[in-house]
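The values are calculated or read from the model by the stated rules, or taken from the named source; none is laboratory data. Small disclaimer: the values here were computed from a predicted structure and weren't measured. So basically every Cβ, Gly included, is an ideal-geometry build from the backbone, and we count neighbours across all protein chains shown. Accessible surface areas use protein heavy atoms only, side chains included; no ligands, DNA or RNA. Shrake-Rupley method; radii C 1.70, N 1.55, O 1.52, S 1.80 Å.
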Amino acid sequence: MLHRFLARAIPLSTGLPKPLSPLLIGVSRLATSSGDPVADGGGGGGGGGSGEDDPFSFPDHHQQQLPPDVARGVDAVVAAAEAKASKAADAARALDRCGAEASEPLVVAALARLRNSCAAAHAAFRWAVSQPGYAPGRRASHSMLAILAKHRRFDDARALLDEMRRASTASPAAVLLLIRRHCAARDVAGAVAAFRALPSFGFHPGIAEYHGLLSALCRYKNVQDAEHLLMSSQKEFPFETKSFNIVLNGWCNIICSVREAKRFWSAMQNLGIDRDVVSYGSMISCFSKSGSLDSVMKLFNRMKEAGIAADRKVYNAVVFALAKGRCVDEAKMLVQTMEEKKVAPDTSTYNSLIGPLCKSRQVQEAMEMFDAMLQRGLSPSVRTFHALLNVARSPIEVFDLLDKMKELHCDPEMDTYIMLIRKFCRWKQHESVEKLWSAMPANGLSPDRSAYIVLIHGLFLNGRLEAAAKYYEEMKDKGFSPEKKTEEMIQAWLAGRELAKASASVRTQGGSVSLRLPRK
């Protein structure tokens, strides 16, 4: 039966089309954590923003564009704030002595570097605000708001938002940022309250802000609450396809529940809501993630019979389903069909092939797709490299891929480093771990709590106990709280070390305590 569906969906031709353009290196820097839904199992649509804190994503390379004196000031501010982050008064004094002059470019760049340490970032921001002649602009204020909200410092975030209102730097997008972080904390009441507070900032909540609230709820798995809000808000926001697509996408691509997706799909039909290409794309993606290739192809053909032309996201989802189902040749033919339909394959299309091939350990085929992608002039995303790095079999292969990332101007993310630190610890490649850790600042990254925990556990399990303890103290100095397991592990070792020192001291002084183990 599958072959019949494939025959209807894909013309009988073979091979990928010829390259469209010569290899272009560095033509643009792709977003590293967004716009690539198919890499995780198919595209959807209608929900979610395109970055952790969009539309105020942090400029990792902002400092490279700064005048030398400002760049030096950023280094001084970051060093002072990080060194004393655990004690606010000490941080304030260190920042006063750092010699930097507060300015909007300096503050924005410093906050970008400090975003993983809320205490250090907040100290730097407070120092800047206290400087004569400087008032934080919209970019700096939004960056600080994003950091506070990300770290769930909601009282401080709301206080800053109120200051922004008085300084006329607030915006609906800033409130939406706060809404998203409430949703991330599963605080639905707080998210709805922030939405309802928009008029107090002089903004009328329109359909765009309503969609933002629905998207934020769905993005952080509060899909049932989003559906309840949708169904109870008909008088204020009349039913229309996009609102329903956001919730459908939540069931399909966030919760990934085929049962709930089918139920909501039927509800749309019963309520007379038109289903468009985004609706079909969400359902196709859901079936794709569940591994139901037959259902994918059935719905794909039904969509075409309904006269709805597939867009790139739909094609990418079907390509992913075919590749995941080991129908690689058919997936390649569908890529050719895309071009015949004047739908140009993009980075996500190739990620839809490369990801499943790597998961099935067809590394050679994955590299062939990677080369074909480059030959088309498409720039790989971080997701592309994550798939390839995950199946790398030696440190040489890892560093070759990292060099390729640098060559193609595709910058590693924190998740990249965490994955590789875990891999190198498993391989007992301690020098490579140190090399990766030292490389983070050069890429505009500062280790976050997760990175420290992975590093400490990896070092500890490899017997590098002194190094693990050093990074444990460094993590606490930066204001990160350790996991309970990490705390117990390090404290047990420290207690054992102190006992050993005490016992050795007694033995040295002629006491009766001995560290020698009895013979068995």
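Taking a quarter of the surface of the Cα convex hull of the range 364-507 gives a mean projected area of 10.2 nm². Of the accessible area of the range 222-351, computed with a 1.4 Å probe over protein heavy atoms only, carbon and sulfur atoms account for 47 percent.
If packing is taken as the average count of other Cβ atoms within 10 Å, what order do 306-318, 364-376, 403-415 fall into, highest mean first? Before the final figure, lay out the partial values.
On the way: 306-318: 21.7, 364-376: 18.1, 403-415: 16.5.
Ranking the peptides 306-318, 364-376, 403-415 by packing returns 306-318, 364-376, 403-415.
Provide the convex hull volume over Cα atoms per residue for the range 332-389, in Å³.
Values: hull volume 4.1 nm³, N = 58.
Here the figure is 70 Å³ per residue.
Out of every Cα-Cα pair that the range 277-331 contains, those further apart than 18 angstrom amount to 20 percent. Full extension from Asp294 to Ala193: what is 0.36 nm times the residue separation minus their Cα-Cα distance, to one decimal in nm? Full extension of this stretch gives 32.0 nm more.
Compare the peptides 431-443, 166-178, 273-285, 487-499 by average per-residue count of other Cβ atoms within 10 angstrom and give them in order, highest first.
Numbers: 431-443: 15.1, 166-178: 19.1, 273-285: 23.6, 487-499: 13.1.
Top to bottom by mean Cβ count within 10 Å: 273-285, 166-178, 431-443, 487-499.
Taking the Cα atoms of the range 211-260, the ratio Rg/Rh between the radius of gyration and the Kirkwood radius comes to 0.95. Please list, in order, the residues from the range 438-468 whose amide nitrogen is less than 15 Å from a point placed 7 Å along the Cα→Cβ vector of Trp493. Once the point is set 7 Å along Cα→Cβ of Trp493, 452-468 turn out to lie under 15 Å by backbone N, inside the range 438-468. What the range 124-163 shows is 45 Å² of accessible area per residue, with the surface traced by a 1.4 Å probe over protein heavy atoms.
Think of a 1.4 Å ball rolled over the protein heavy atoms: the range 406-487 then has 47 Å² of accessible area per residue.
From the Cα gyration tensor of the range 157-216, with a ≥ b ≥ c the square roots of its eigenvalues, which class applies: rounded if a/c is under 1.5, or else prolate if a/b is larger than b/c, or else oblate? Taking the square roots of the gyration eigenvalues as a ≥ b ≥ c, the range 157-216 is oblate.
Beyond a 23 Å Cα-Cα separation, which of these cross-linked pairs lie in this structure: Lys406/Lys435; Lys221/Lys484; Lys221/Lys262; Lys242/Lys313; Lys221/Lys242? Walk me through the numbers on the way to the answer.
On the way: Lys406/Lys435 15 Å; Lys221/Lys484 26 Å; Lys221/Lys262 17 Å; Lys242/Lys313 16 Å; Lys221/Lys242 18 Å.
Going by Cα-Cα distance, Lys221/Lys484 fall outside the 23 Å limit.
For the range 101-216, the relative contact order works out to 19 percent when only alpha carbon pairs closer than 8 Å and six or more residues apart are counted. The charge dipole of the range 268-320, taken about the Cα centre with unit charges on the Cβ atoms of Lys, Arg (+1) and Asp, Glu (-1), comes to about 120 debye, rounded to the nearest 20.
Remark: the range 239-365 carries a charge dipole of roughly 340 debye about the Cα centre, counting +1 on each Lys and Arg Cβ and -1 on each Asp and Glu Cβ.
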